[in-house]
Amino acid sequence: MNIDIPPMGFKPDPNVQASPARTLIPPGWYETYISASEIKRNNKDTGYNCSLTFTITGPTSENRKVFKNLAYVNPSAQAQEIAEKELHLICAAVQLTGNLDHPTQLENVPMRIRIGAKKDNRGEMETAIYEYKKFSDVPGSAATAPVPPPIAAPKTATDAPPWTEDDIPF
């Protein structure tokens with residue numbers, strides 16, 4: 001059987017530049033939210049992964065994405081236990097207290113993640129998530145930064161700043 005394949009009609013453009021290589025996101029705490037989620041079969045078809053996409057909103061690396069796959073149904077008890085622990089921490093970070101029936105319940109809720117780097121299966125460095133916190137729970141963040149003490153009022157007339165004196169000539 002002979003199948004006629006139409007010609008591609010593609011004309012290469014010599015001015016097209018390669019996309020810049022993605023660099024690792026610098027380690028630290030980031031404001032983020034889960035922007036996409038899905039449940040899918042794992043590669044070996046022996047269980048299910050909960051795939052989450054985190055979108056960074058600040059303080060730097062805005063709109064960069066970080067991906068997390070959690071093997072929440074897996075023949076490996078250890079993999080499943082790790083996934084369940086991370087799901088508990090994510091639910092706490094987005095303040096979900098009821099049942100998690102679908103990962104879309106985790107989406108679009110501000111939270112913070114601590115990012116670092118680790119080696120992937122090929123031995124290359126990749127961005128990794130190490131902690132999850134409520135948006136207001138990260139030490140040193142704007143949401144929890146200490147409020148500076150109020151400026152004390154002058155105690156005597158001589159302590160008063162010069163612009164409060166009544167002898168201003170205008």
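Readers should treat all values here as calculations from the given coordinates under stated rules, not as data from a laboratory. No experiment lies behind these values; they were computed from the predicted model shown. Methodologically, a virtual Cβ is constructed for each residue, glycine included, from the backbone with ideal geometry; neighbour enumeration extends over all protein chains shown.
Using the average count of surrounding beta-carbon atoms within 10 Å as a protection proxy, the listed peptides 116-127, 33-44 rank, highest first, as 33-44, 116-127. Taking only alpha carbon atoms, the range 1-60 gives an Rg to Rh ratio of 1.21, where Rh is the Kirkwood radius. In this label model, Asn63 and Leu24 are separated by 2.5 nm, measuring between points 7 Å along each Cα→Cβ vector.
In this label model, Asn121 and Ala92 are separated by 3.0 nm, measuring between points 7 Å along each Cα→Cβ vector. Taking a quarter of the surface of the Cα convex hull of the range 48-141 gives a mean projected area of 6.9 nm².
A 30 angstrom limit on the alpha carbon distance is what I want to check against. Which of Lys11/Lys118; Lys85/Lys119; Lys11/Lys68 exceed it? Where the Cα-Cα span goes over 30 Å, the pairs concerned are Lys11/Lys118; Lys11/Lys68. The length gained by stretching the chain between Asn43 and Ile5 to full extension, at 0.36 nm per residue less their Cα-Cα distance, is 10.5 nm.
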